[in-house]
Structures are given as structure tokens and as C-alpha cells.
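Scroll down for the structure; my scribbles are underneath it.
The values are calculated or read from the model by the stated rules, or taken from the named source; none is laboratory data. Not measured: the values here are computed from a predicted model. As a convention, Cβ positions derive from the backbone with ideal geometry for all residues, glycine included, and neighbour counts pool all protein chains shown.
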Amino acid sequence: MKNGVELQHFSFLFDKKTAHINLEGFEINDPGSWVKINPKLTGFYRVHYCEQLINRLFENLESSNLTSIDRMGMLDDQV
């Protein structure tokens with residue numbers, strides 16, 4: 001998300017234990033930008049966000065683009 005405007009949805013096949021995803025056009029230092037990996041918990045994996053990304057997500061908990069399932073998953077991934 002960037003300033004409340006949806007940037008993109010994409011699918012990614014995990015073929016290794018860990019993966020790094022390059023998000024073109026996403027600016028991590030922009031307070032209006034954030035990213036949610038595994039929306040609606042459709043995948044069977046954990047997401048480890050860097051401190052900046054998780055802070056952006058928590059700042060946007062009230063966004064209509066984050067479902068209650070997304071919020072629960074974010075908290076669960078922090079364990």
C-alpha cells in the first residue's frame with residue numbers, strides 16, 4: 001500500500017527455506033507505504049518482517065485492507 005492506494009498483489013512460489021522478495025516501487029522509508037505478506041493467511045508459512053515493515057503494519061491496523069484474520073496473523077507471526 002502507498003497512501004491508501006493498492007499497489008499490487010502477486011503470487012510467489014517458495015522453493016527454498018527462506019526467500020527475499022524485491023518490491024519495485026515500494027519505499028520503506030515512506031510512512032504512507034506498507035506491505036502485508038500472506039494476506040488472509042492463505043499460505044502455510046510464517047512471515048518475519050524487519051522492524052520498519054512491522055512498525056508500518058501496526059501503524060495501519062485500522063486499514064480496511066487488513067482483515068481481522070490479517071491482524072491475528074501479524075500478532076501470531078511475532079511469537
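Can you name the residue in region 31-79 that is of a type in the set (V, I, T) and not in a loop (DSSP other than H, G, I, E, B) and is also modelled with the highest pLDDT among such residues?
Applying the first criterion (of a type in the set (V, I, T)) to region 31-79 yields 35, 37, 42, 47, 54, 67, 69, 79.
Those still in the list that are not in a loop (DSSP other than H, G, I, E, B) too: 54, 69.
Working: I54: 89, I69: 92.
Top of the filtered list is I69.
Return the pair list, or none, for Cβ contacts closer than 8 Å from residues in region 52-78 that are closer than 20 Å to D30 by Cβ to residues that are among the polar types (S, T, N, Q) and outside any loop (DSSP other than H, G, I, E, B), at least 6 apart or on different chains. Sorted first by the residue in region 52-78, then by its partner, the pairs are R56/S33. The set of residues in region 30-79 that are aromatic (F, W, Y) and surrounded by 14 or more Cβ atoms within 10 Å (Cβ to Cβ) comprises W34, Y49, F58. Taken over region 19-36, the criterion of being of a type in the set (D, E) and more than 18 Å from N55 (Cα to Cα) is satisfied by E24 alone.
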